[in-house]
Amino acid sequence: MTDVAASAPAKASAFHELEVLWVRHWTDQLFSFAIARPEDFRFRSGEFVMIGLPAEDGGKPILRAYSIASPHWDEQLEFLSIKVPDGPLTSRLQRIQPGDTVLMGKKPTGTLVLDALTGGERLWLIGTGTGLAPWISVARDPDTYARFNRVVVCHTVRNVADLTYRDFFTSGIHDDPLIGDEAKAQLTYYPTVTREAFDTPDGERGGRITDRIKSGALFADLGLPAGFSPERDRVMLCGSMAMIKETGELLETFGLKEGSNAEPGDYVLERAFVG
């Protein structure tokens, strides 16, 4: 007689257990890390996935949604994270080292993807803090430059030190093997800082991105007519709830309509992080 318990198939895990490849600490509040990509893991640039660590007490793992900062073709998966001293996950995640194991969900999802936008001339990637992560992915996707003539990455942070990936967007992306030439010709990096003076070769860049939109400074700095155009501009939003809500309302006043995977539109935001 066959032992039923012994012959029953083992329950498949809901998570990949993946090796940490590298960790970079930008500040005492921000860090990036990369994990090995499973061969069968597929995603669209701009999507997010659940990341976590095994529970220390052997219970259920603690998981949070993280945007994948790598493009869909990359062989490793990169993430950008905050550090919360008493955070259930990040208080531990910030201590990971190369060789450690991180849990990752098997089903990526999200609306910050090109599929959720209709055609246009300019693509605006507007983010605050770690909301920059999906733009690192989208900005390295060849389809981005095939669909849009100009790509503008707007990153607003509190302090200059928080401008993670500043060197990458300023020059490093130009060496990318797939889209370096396109990025050099078509991509503009537009950082702003809210809590300390920040001067760039093009002038002072202080204040919230929403204030620079309303004042027209954003468009003037880039040599563009003031305002967003429903015919030409497409926008993605990620970051603080306040920024997303205010910017979304501003875009609506210009006539832009929110899109989704089911019904592409003029702008999209990631509701999974808005709550």
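The values are calculated or read from the model by the stated rules, or taken from the named source; none is laboratory data. For clarity, every value in this text was computed on a predicted model and none was experimentally measured. Counting neighbours? That spans all protein chains shown, and the Cβs are built from the backbone with ideal geometry, glycine included. Surface accessibility is based on the protein's heavy atoms, side chains included, excluding ligands, DNA and RNA. Shrake-Rupley method; radii C 1.70, N 1.55, O 1.52, S 1.80 Å.
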Give just the number: which of (1) under 21 Å from the mean Cα position of the chain (by Cα); (2) touching a residue at least 12 places away in the same chain (Cβ under 8 Å); (3) open to solvent by 80 Å² or more (accessible area, probe 1.4 Å) does Asp175 not satisfy?
(2)
Mind listing just one residue for me: the one in the stretch 45-68 that is β-branched (Val, Ile, Thr) and touching a Phe, Trp or Tyr at 6+ places or on another chain (Cβ under 8 Å) and, of those, surrounded by the most Cβ atoms within 10 Å (Cβ to Cβ)?
Ile68
The stretch 233-253, residues that are under 23 Å from Leu187 (Cα atoms) and either part of a loop (DSSP other than H, G, I, E, B) or free of Cβ contacts under 8 Å to residues at least 24 places away in the same chain (or both)
Gly239, Gly248, Leu251
Restricting attention to the stretch 96-120, the residues that are polar (S, T, N, Q) and exposed (fewer than 15 other Cβ atoms within 10 Å of the Cβ) number exactly 3
Considering every residue within the stretch 212-235, establish whether at least one is open to solvent by less than 70 Å² (accessible area, probe 1.4 Å), under 17 Å from the mean Cα position of the chain (by Cα) and either farther than 18 Å from Gly265 by Cα or of a type in the set (S, T, N, Q) (or both).
no
Quick check, is Gly87 in a loop (DSSP other than H, G, I, E, B), modelled with pLDDT of 95 or more and not β-branched (Val, Ile, Thr)?
no
Only residues that are in contact with a Pro (Cβ under 8 Å, 6 or more places away or on another chain) and small (Gly, Ala, Ser): list them for the stretch 49-90, please.
Gly52, Ala55, Ser67, Ala69
